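Below you'll find the structure, written out as C-alpha cells, and then a few comments.
The values are calculated or read from the model by the stated rules, or taken from the named source; none is laboratory data. Computed from a predicted model, the values in this text were never measured in an experiment. Every residue, glycine among them, receives a Cβ derived from its backbone with ideal geometry; neighbour counts consider all protein chains shown.
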C-alpha cells in the first residue's frame, strides 16, 4: 500500500496554529480565509487517518497524534525551506556583521545562524557576543550591521521580537534566600546594566536590604557564581542553565518588570544578505520564544 504525501501547505497551517495560538491568526499569516485553513487541517486529518485536535473546555488542543504530526511538520518544513533557499541562495552575497548577547549564544541562535549559512554559502557572517549596551554602542559606531539586544526597545531603530519576563535566579533546589537580620546576597553584572538596575530598584521598592556579593562582566562567570551560592541574580526566563532555577514571590522576592527583545539594524542601506539574516533570526525567535 502506498502512503499518502502529506500536504505541505496543510503542515504549514498546522505549525502556524501552534505558533500563533489560534486558527484565525494562523489563517491571516498564511494568507488564507479561516474556513480554508480549517479545510487544510481536515485534509491533514484525512491523510493521517486520525484527529489532530480535541476539545479541552472551550479550547482546542492537540491530540497525541497531533503532537506527533506537529513535531514532524516542523522538521519537514525546515528541510523544505532550507532546500529551496539553498537552491536559490547562491545569488545572495556579501557580508553581515551580527552581534548578540550571551543569553542566546548557547541556545537557539547558533542553529539559526547555521541555517542561514547553509542557505547562503556565499555570504560571510561575522558574529560576536557582547553585553547589550556595548552591542548597541558598537552598532552606532558602524561596527555591526545587525544587533539582537534586550532592554533598548525605546530606540528608534528597535524592531521588536518578544517581550520577555525577568526573573530572579538561584541554584537548583533553592528553598530559601532570605535570612533574618542579614542582607540578601546578590550576584550581578558590573555597571552599567539594566538588569542590575531593575533588580536593585525592585528590592529598594519593598525595602529589602541587599549587598553586592559577586560582580562580573561575563555571563558564564555570572552563572558560575550563582551556582556556587555566592548570590542570586536576575535575567530573563530564556536560556537559564539547567543547574539553576527561577525564584519568585514564594521565596520572598519582589516581582520584576519585563524586557523587550529587539533587532537593531545599522544606518547603512539594508542589503539582501542583511534582510535574509534578519528574517531567519525573526522566524527562529517565533519558533523558540513562542512570540
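Suppose we keep only residues that are in contact (Cβ under 8 Å) with a residue 40 or more places away in the chain and out of contact with any helix residue (DSSP H, G or I) (no Cβ under 6 Å at 6 or more places or on another chain) within the stretch 176-191. Which one would you say is nearest to residue 241 (Cα to Cα)?
So the residue we want is 186.
When only residues in the stretch 115-128 that are part of a helix (DSSP H, G or I) and in contact with a helix residue (DSSP H, G or I) (Cβ under 7 Å, 6 or more places away or on another chain) count, which is nearest to residue 274 (Cα to Cα)?
The extreme case among them is 116.
Given the options 112, 149, name the one that is in a helix (DSSP H, G or I), under 30 Å from residue 225 (Cα atoms) and in contact with a helix residue (DSSP H, G or I) (Cβ under 6 Å, 6 or more places away or on another chain).
Exactly one of 112, 149 is in a helix (DSSP H, G or I), under 30 Å from residue 225 (Cα atoms) and in contact with a helix residue (DSSP H, G or I) (Cβ under 6 Å, 6 or more places away or on another chain), namely 112.
Count, please, the residues in the stretch 256-277 that happen to be closer than 14 Å to residue 94 by Cβ and either part of a helix (DSSP H, G or I) or touching a helix residue (DSSP H, G or I) at 6+ places or on another chain (Cβ under 9 Å) (or both).
Here the count works out to 9.
Please count how many residues of the stretch 3-53 are without any contact (Cβ under 8 Å) to a residue 60 or more places away in the chain, under 19 Å from residue 72 (Cα atoms) and not in a helix (DSSP H, G or I).
Final tally of qualifying residues: 10.
Within the bounds of the stretch 253-275, is there any residue that is more than 30 Å from residue 187 (Cβ to Cβ), outside the structural domain of residue 220 (by TED's automatic domain parsing), out of contact with any strand residue (DSSP E or B) (no Cβ under 8 Å at 6 or more places or on another chain) and surrounded by 15 or more Cβ atoms within 10 Å (Cβ to Cβ)?
No.
May I ask you to list the residues in the stretch 153-182 that are closer than 23 Å to residue 197 by Cβ, part of a loop (DSSP other than H, G, I, E, B) and touching a strand residue (DSSP E or B) at 6+ places or on another chain (Cβ under 6 Å)?
153, 157, 177
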